[in-house]
Amino acid sequence: MQDISRFGTLSARILLSLVFLASGGMKIAAWSMIVGVAASKGLPLPAFSIGVAAAIEIIGALFLLSGFHARLAAFVLFLYLIPTTLIFHNFWAVQGVEHQMQMVNFLKNLAIMGGLLMVASDGPGPISIDKQAANPY
């Protein structure tokens, strides 16, 4: 059971990090399109906002992945997902297939937020920079 706990926490951090690394990378790769979507949602300064979002996602994911200040990174990503989820996955404002798709994305983000809260509250686990810094030997 100890191995499950040890490697389970690391695996959870890896999986959570992949979501944000991919999302941040896609924002950069499809910059014009994403900025257009942000503008259509009424985001102020859409290019700046998307740049900040990509930075939060990529930096937060790298901190979470490595276990460096993982609790803080998880909490920042959790807070970041609150407005992101409400603005971009507002299923209550659309109909039909779009309603279903946005509801699934809304619920997916809630699940990710739950995982982030677990890291924020329980820490990054034994295989992390934070743990190694606290117990170097």
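Within segment 39-61, if we keep just the residues that are over 20 Å from I112 (Cβ atoms) and among the aliphatic types (A, V, I, L, M), the residue that is surrounded by the most Cβ atoms within 10 Å (Cβ to Cβ) turns out to be L43. Filtering S40, S121 for residues that are out of contact with any Ser or Thr (no Cβ under 7 Å at 6 or more places or on another chain), modelled with pLDDT under 95 and not basic (K, R) leaves a single hit, S40.
For the structure I just gave you, tell me whether F48 is over 10 Å from the mean Cα position of the chain (by Cα), among the aromatic types (F, W, Y) and at pLDDT 95 or above. Against the criterion (over 10 Å from the mean Cα position of the chain (by Cα), among the aromatic types (F, W, Y) and at pLDDT 95 or above), F48 qualifies.
Identify, please: which residue in segment 105-125 is closer than 18 Å to V76 by Cβ and polar (S, T, N, Q) and is, among those, farthest from the chain's Cα centre (by Cα)? My answer is S121. Checking each residue in segment 1-27 for being among the charged types (D, E, K, R) and either in contact with a strand residue (DSSP E or B) (Cβ under 7 Å, 6 or more places away or on another chain) or loosely packed, with under 12 Cβ neighbours inside 10 Å (or both) picks out only D3. So, in segment 80-101, of the ones that are under 22 Å from L62 (Cβ atoms) and hydrophobic (A, V, I, L, M, F, W, C), which residue ends up surrounded by the fewest Cβ atoms within 10 Å (Cβ to Cβ)? Of everything passing the filter in segment 80-101, I82 is surrounded by the fewest Cβ atoms within 10 Å (Cβ to Cβ). No other residue among L117, L64 is surrounded by fewer than 18 Cβ atoms within 10 Å (Cβ to Cβ) and part of a helix (DSSP H, G or I) apart from L117. Among the residues of segment 39-50, not a single one is within 22 Å of H99 (Cα to Cα), β-branched (V, I, T) and without any contact (Cβ under 8 Å) to a residue 24 or more places away in the chain.
From the list F106, F88, the one residue that fits, being in contact (Cβ under 8 Å) with a residue 40 or more places away in the chain and more than 25 Å from N135 (Cα to Cα), is F88.
For segment 28-36, state whether one or more residues are closer than 20 Å to M113 by Cα, among the aliphatic types (A, V, I, L, M), assigned to a helix (DSSP H, G or I) and touching a residue at least 24 places away in the same chain (Cβ under 8 Å). Spell out how you get there, then give the answer.
Residues of segment 28-36 that are closer than 20 Å to M113 by Cα, as a first pass: none.
No, segment 28-36 contains no residue that is closer than 20 Å to M113 by Cα, among the aliphatic types (A, V, I, L, M), assigned to a helix (DSSP H, G or I) and touching a residue at least 24 places away in the same chain (Cβ under 8 Å).
Residues considered: V104, V76. Of these, the only one that is in a helix (DSSP H, G or I), modelled with pLDDT of 95 or more and surrounded by fewer than 16 Cβ atoms within 10 Å (Cβ to Cβ) is V104. Consider segment 120-137. How many of its residues are more than 19 Å from I4 (Cα to Cα) and surrounded by fewer than 12 Cβ atoms within 10 Å (Cβ to Cβ)? Result for segment 120-137: 5.
The values are calculated or read from the model by the stated rules, or taken from the named source; none is laboratory data. Everything quoted here is computed from the prediction, not taken from an experiment. FYI the Cβ positions are ideal-geometry reconstructions off the backbone, even for glycines, and counts take in every protein chain you see.
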